[in-house]
Amino acid sequence: RKEVEQDPGPFNVPEGATVAFNCTYSNSASQSFFWYRQDCRKEPKLLMSVYSSGNEDGRFTAQLNRASQYISLLIRDSKLSDSATYLCVVTTSNDYKLSFGAGTTVTVRA
Amino acid sequence: GAGVSQSPSNKVTEKGKDVELRCDPISGHTALYWYRQSLGQGLEFLIYFQGNSAPDKSGLPSDRFSAERTGGSVSTLTIQRTQQEDSAVYLCASSLHPGANVLTFGAGSRLTVL
């Protein structure tokens, strides 16, 4: 079983729509969680950290469910510029290796 | 430097040749990571450095792969006797310290083995 699994999508949504997707992780000892964004043929960049109580950053909301071992990302009022692949990242407190999911592709259309 | 620099950006080589990929991390970042990403795949962890030492080499696919870091700065990933399955984008990232968890990636080195 992969350490981090994501629905690859693609999620095709119109501008202004809300899109949400999850990521599951297998290691119950995981402590830190992140969403990275990767544009086509570019390097990944940090989008946001995910905190236990959930957190927002503008139009983006991240949630963590430890009991079911998943994190989620919700994008409100989608913009064309949100089109990208979103990578789920998980790490444990004693292991500095960050485990990446294969990514969820989102395409926002005009 | 201002960002993580990787070279070459593109490398085409013949099967069986050796290649060296270079990473120059952000100045002052003590942690350095190598990942590789095959087409349409996620990032596969290769190796992590703390300073010049590599506490975790668990991701290196075979003994054809090696990496070193000198002066707590530049790192070189070497692939000997390249195979076609080595074709991928090799991404280097650095962070201020290992526990920081937030990685800044370079633009990657795209390796194609013919």
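The values are calculated or read from the model by the stated rules, or taken from the named source; none is laboratory data. Since the model is a prediction, treat every value here as computed from it, not as a measurement. Cβ placement follows ideal geometry from the backbone for every residue including glycine, while neighbour counts extend to all protein chains displayed. To get the accessible areas, we keep the full protein, side chains included, count just its heavy atoms, and leave off ligands, DNA and RNA. Shrake-Rupley method; radii C 1.70, N 1.55, O 1.52, S 1.80 Å.
A few remarks follow.
- Fraction of accessible area attributable to carbon and sulfur, chain A (%, probe 1.4 Å): 45 percent
- The lysine pair tally for the protein assembly as shown, using Cα distances under 23 Å and a gap of 8 or more places or different chains, is 10.
- Protein accessible area in the range B:20-77, 1.4 Å probe - carbon and sulfur %: 44 percent
- Within 10 Å of each Cβ in A:99-109, the average number of Cβ atoms from other chains: 2
- About the Cα centre, charge dipole magnitude for chain B (Lys/Arg +1, Asp/Glu -1 at Cβ), debye: 120 debye
- Intensity falloff of chain B expressed as log10 I(q)/I(0), Debye formula with alpha-carbon point scatterers, at q = 0.10, 0.13, 0.18 Å⁻¹: -0.25, -0.43, -0.83
- Look at the alpha carbon pairs under 8 Å that are at least 6 residues apart: their mean separation over the length of the range A:16-110 gives a relative contact order of 33 percent.
- Summing Cβ point charges (Lys, Arg +1; Asp, Glu -1) relative to the Cα centre of the range A:12-110 gives a dipole of roughly 140 debye.
- Cα lying deepest toward the dipole's positive end in the range A:1-108, options A:A102, A:L80, A:G9, charges on Cβ: A:A102
- Given +1 at the Cβ of Lys and Arg, -1 at the Cβ of Asp and Glu and no other charges, the dipole of the protein assembly as shown around its Cα centre is 200 debye to the nearest 20.
- Accessible area per residue in Å² at 1.4 Å probe, computed on chain A: 50 Å²
- For chain B, with +1 on Lys and Arg beta carbons and -1 on Asp and Glu, the positive-most of B:T112, B:A93, B:L21 along the dipole: B:T112
- Centre separation in Å (Cα based) which lies between the range A:1-60 and the range A:68-110: 2 Å
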